[in-house]
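The values are calculated or read from the model by the stated rules, or taken from the named source; none is laboratory data. Here the structure is a predicted model, which means the values were calculated and not measured. Cβ placement follows ideal geometry from the backbone for every residue including glycine, while neighbour counts extend to all protein chains displayed.
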Amino acid sequence: MRLILLGPPGCGKGTQSQRLTEKYGIPQLSTGDMLRAAVKAGTSVGVKAGDLMARGELVSDDVVVAIVADRIEQPDAKKGFILDGFPRTVPQAEALDRMLKEKGLRLHAAIELKVDEGILHQRIAKRVADMLASGKTIRADDNPEALEKRVHAYRLQTAPLVSYYKNHGLLRSTDGMASIDEVSAAIDRILGKAGQAEAPARRAARTRKAIGKAAKAPKAKARKGRAAARKRPAKAVARRAPAGRRKAAKTRRKPINKAGRRG
Ligand code: ADP
């Protein structure tokens, strides 16, 4: 299964991705985590991305696309993945489409977590408080100014992906304001339906195949029968009418007369 989670910062993409990873055994590919690791390791990507990220701005498409292209080649991503934080712009979505097409793969759904912007600040503030309480270092961009920019970048550059995936028939939206468990349950329902939507298509293909096979045999028989009949005299043909037709003739009902009776 290949999924995208869409939504503004703090909408719960990370939390839901982790749950989906446990449930389906497919990795969460978070571009934010990958970029933070690059910044920490001081790689060339990290050096390019660090300042932009701390300010709450987006890293350039080509950098992020290259990271994702590498990551989905890894063995653990072969049977599927959950993209968290990617794509974030229309060009990134188009690049993803190209990558998957080259591999003969397809996306199953883009799940949008819809939230009121007002709650995002509260959620990020809670995340900061939780991190500090557990002695962890807080993210460089988890401050009010950077958050404002991240939300702005979402509105301007990422929100258009909602229409993009809607047009591709892949968008599934759910209420991200509900509790974590409720959102998980809603995603399960969405994915259940996505699975079922495939099943009837496969069933229909199987049925068509079966009908094709069944139809071949009687046709061949009928052809042989007609060829033989052409060689026989007319009377014999009448006597040898196919069993189905003989039965139909016997049971054919007489027309209804003016009195409303048959006969
Ligand atoms: P958020 O909680 O804001 O969704 P993420 O952890 O996904 O945060 O990303 C943090 C930062 O990393 C972003 O603000 C941006 O600078 C950078 N980033 C992550 N993913 C992308 C991407 N797909 N394109 C561009 N920049 C990205």
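Considering only segment 35-49, how many residues are more than 8 Å from the ligand (Cβ to nearest atom) and either closer than 16 Å to Gly85 by Cα or surrounded by fewer than 18 Cβ atoms within 10 Å (Cβ to Cβ) (or both)? Selection size over segment 35-49: 10.
Inside segment 132-153, can you point out the residues that are more than 33 Å from the chain's Cα centre (by Cα) and assigned to a helix (DSSP H, G or I)? Correct list: Leu132, Ala133, Pro144, Glu145.
The single condition among (1) surrounded by fewer than 19 Cβ atoms within 10 Å (Cβ to Cβ); (2) among the aromatic types (Phe, Trp, Tyr); (3) within 13 Å of the ligand (Cβ to nearest atom) that Tyr24 does not satisfy is (3). Being among the aliphatic types (A, V, I, L, M) and at pLDDT below 90 is the requirement here; does Ile111 meet it? So Ile111 fails the test. Restricting attention to segment 9-24, the residues that are of a type outside the set (A, V, I, L, M, F, W, C), part of a loop (DSSP other than H, G, I, E, B) and touching a Gly at 6+ places or on another chain (Cβ under 9 Å) total 2.
Taken as a whole, the structure leaves Ala129 outside the set of residues that are closer than 18 Å to Thr31 by Cα and either in contact (Cβ under 8 Å) with a residue 12 or more places away in the chain or away from the ligand (no atom under 13 Å from the Cβ) (or both).
Every residue in segment 109-138 that is closer than 25 Å to Ala178 by Cα and charged (D, E, K, R), please. Within segment 109-138, Glu112, Lys114, Asp116, Glu117, Arg123, Lys126, Arg127, Asp130 qualify. Restricting segment 129-147 to residues that are hydrophobic (A, V, I, L, M, F, W, C) and exposed (fewer than 15 other Cβ atoms within 10 Å of the Cβ), which is nearest to Ala38 (Cα to Cα)? My answer is Ile138.
The number of residues in segment 3-18 that are at pLDDT 90 or above and more than 17 Å from the chain's Cα centre (by Cα) comes to 7. The set of residues from segment 25-65 being assigned to a helix (DSSP H, G or I), among the hydrophobic types (A, V, I, L, M, F, W, C) and within 26 Å of the chain's Cα centre (by Cα) comprises Met34, Leu35, Val63, Val64, Val65. Any residue in segment 177-186 that is at pLDDT below 95 and among the acidic types (Asp, Glu)? No; the residues of segment 177-186 include none that is at pLDDT below 95 and among the acidic types (Asp, Glu).
Scanning segment 155-173 for residues that are under 15 Å from Leu5 (Cβ atoms) and surrounded by fewer than 16 Cβ atoms within 10 Å (Cβ to Cβ) returns a single hit, Ala159. Is it the case, given these coordinates, that Ser30 is at pLDDT 95 or above, near the ligand (Cβ under 10 Å from one of its atoms) and surrounded by fewer than 18 Cβ atoms within 10 Å (Cβ to Cβ)? No: the conditions fail for Ser30. Just one of the numbered conditions (1) farther than 23 Å from Val115 by Cβ; (2) in a helix (DSSP H, G or I); (3) at pLDDT below 95 is not true of Val68: (3).
For residues that are more than 13 Å from the ligand (Cβ to nearest atom) and of a type in the set (A, V, I, L, M), scanning just segment 79-124, find the one that is surrounded by the most Cβ atoms within 10 Å (Cβ to Cβ). Only one residue fits best here, namely Ile111.
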